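Engineer: Please read through the structure below; I'll follow up with questions.
Every number here is computed from the coordinates shown, using simple stated rules; none is lab data. Fair warning: this is a prediction, and the values are worked out from it, not measured in the lab.
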Amino acid sequence: MRFLPIVVPRELLVDFGPKEVTRVPNSIGLDEFDRLFTQFQHTAWRLETRRRYASDEVTDTYAQFLPGESVDWEGRDAQWCAERREQTALGKRFERVRIVDNPPTPGQLYLLDNARRNSAVGEDIRQLWRADAERLQLPGEDFWIFDSRLVARLDFGEADNLVDVELITEPVEVNRYAQVRDAAGHYAVPYETFAAGLAATE
């Protein structure tokens, strides 16, 4: 009897083979992270959990929004907007669920206003009260999941700046994040509905 050798692709060994007891993070640079937004095929979905993002607070639009002025999003971040429009024109979907405290923080209110800009370029933006997120036992971490097969977990420092992006490809871990996406997406509401409800309580 002859035995034929079986060649196992390296990717399967990495993702399905025995894992180290201590998991070694696979960090990527910001340029590689940016490329993920054009390389994915179908869906890019994000969970936003933080009460503030330091990068927002240094923008002209944040300075305009904070004292209560109406923000004019027209022409802002033109390159970013053009890329989003180009990708959505190819049939790709960008979706976000943003966790909101009660009452919302200034940073969360800013992002609620910012949703007008994001939705105009093709993103689907939804909000979820933090109490509901806790009831659903959603994690308190920000991440993107691409095509249900790759996760980019965003790590923030004490000053609320993005300090690291960790790439996760292990199927069991990716599936855990996909379950978070499904639960959050089911209970979150469109930003317009959320904003209208918030205004009605003021």
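Engineer: Relative contact order of the range 72-169: what whole-number percent is it, with Cα pairs under 8 angstrom and at least 6 residues apart?
Structural biologist: Relative contact order comes out at 21 percent.
Engineer: Using the Kyte-Doolittle scale, find the helices of the chain whose mean hydropathy is at least -1.0 and whose Cα atoms extend 20 Å or more along the helix's long axis, counting only whole DSSP H runs.
Structural biologist: Taking the DSSP H segments of the chain (at least 20 Å long, mean hydropathy at least -1.0), we get 106-120, 171-187.
Engineer: Which of L112, L167, L30 moves most in a GNM of the chain, Cα contacts under 10 Å?
Structural biologist: L30
Engineer: What full-extension length gain, to one decimal in nm, is calculated for T38 and L162 as 0.36 nm per residue of separation minus the Cα-Cα distance?
Structural biologist: Once the chain is fully extended between T38 and L162, it gains 42.6 nm.
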